[in-house]
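Encoded as structure tokens, the structure appears first; notes follow it.
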Amino acid sequence: MSGVYYFSFMKIMIRKGVKEDLPSVLELIKELANYEKSLDEVTITLEDLENDGFGDRPWFWFLVAEDNNRIIGLSFYWIRYSTWKGKFLYLEDFVIKKEYRRSGIGSKLFEETIKICKEHNLNGMIWQVLDWNSPAIDFYKKYDAEISSDWLNGKLTKKQIEKMNELL
């Protein structure tokens, strides 16, 4: 899957991500984390991304948007299985570099991600968005997305799991 789109004076290519893209991917992950006021939470390394995305069993995939061979957008996803509904694309991160936002590039990248759902016969696409991130919420609502406030997120960190395993 790839597409070339023209925006004003830009020629934007959207394509499947490859291993060589990972330094730029990590940069975008950190840009998003910084925007979400959580940069200190990013502990993933380039080596982790290489092993987890391009090892014997990939745990994730991604699309990138490029302007003049510079990666300016990222759609980072994996397949989640729901015992109620089956296979879903889980959109882990979706980010466009700040200077490229509100130009339509995000829409094209999001739409290419939606196409992956059809290609893989998935039952839908899900993601999380912070309740204060109204630009993102408004973006998703353009696609008639349901934004739920019913579910609360739970998690245990690796450190918490290790501590619990010591007690078990």
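Annotations
- Residue list for segment 97-125, restricted to those being within 26 Å of Val42 (Cβ to Cβ), hydrophobic (A, V, I, L, M, F, W, C) and either touching a Lys or Arg at 6+ places or on another chain (Cβ under 9 Å) or not in a strand (DSSP E or B) (or both): Ile105, Leu109, Phe110, Ile116
- The number of residues in segment 45-80 being surrounded by fewer than 18 Cβ atoms within 10 Å (Cβ to Cβ), within 12 Å of the chain's Cα centre (by Cα) and without any contact (Cβ under 8 Å) to a residue 40 or more places away in the chain comes to 2.
- When Phe54, Phe76 are screened for being among the hydrophobic types (A, V, I, L, M, F, W, C) and more than 26 Å from Gly124 (Cβ to Cβ), only Phe54 passes.
- Looking only at segment 9-39, residues that are touching a Lys or Arg at 6+ places or on another chain (Cβ under 8 Å), in contact (Cβ under 8 Å) with a residue 60 or more places away in the chain and within 21 Å of Glu50 (Cα to Cα) come to 3 in all.
- Looking at Ser103, Ser75, Ser107, just one residue is closer than 20 Å to Phe139 by Cα and touching a Ser or Thr at 6+ places or on another chain (Cβ under 6 Å), and that residue is Ser75.
- Within segment 10-44, the only residue that satisfies the criterion of being basic (Lys, Arg), more than 14 Å from the chain's Cα centre (by Cα) and part of a helix (DSSP H, G or I) is Lys19.
FYI, it's all coordinate maths here, none of it is from the lab. Being a predicted model, the structure only gives us computed values, none of them experimental. Cβ sites come from the backbone with ideal geometry, for glycine too, and all protein chains shown count toward neighbours.
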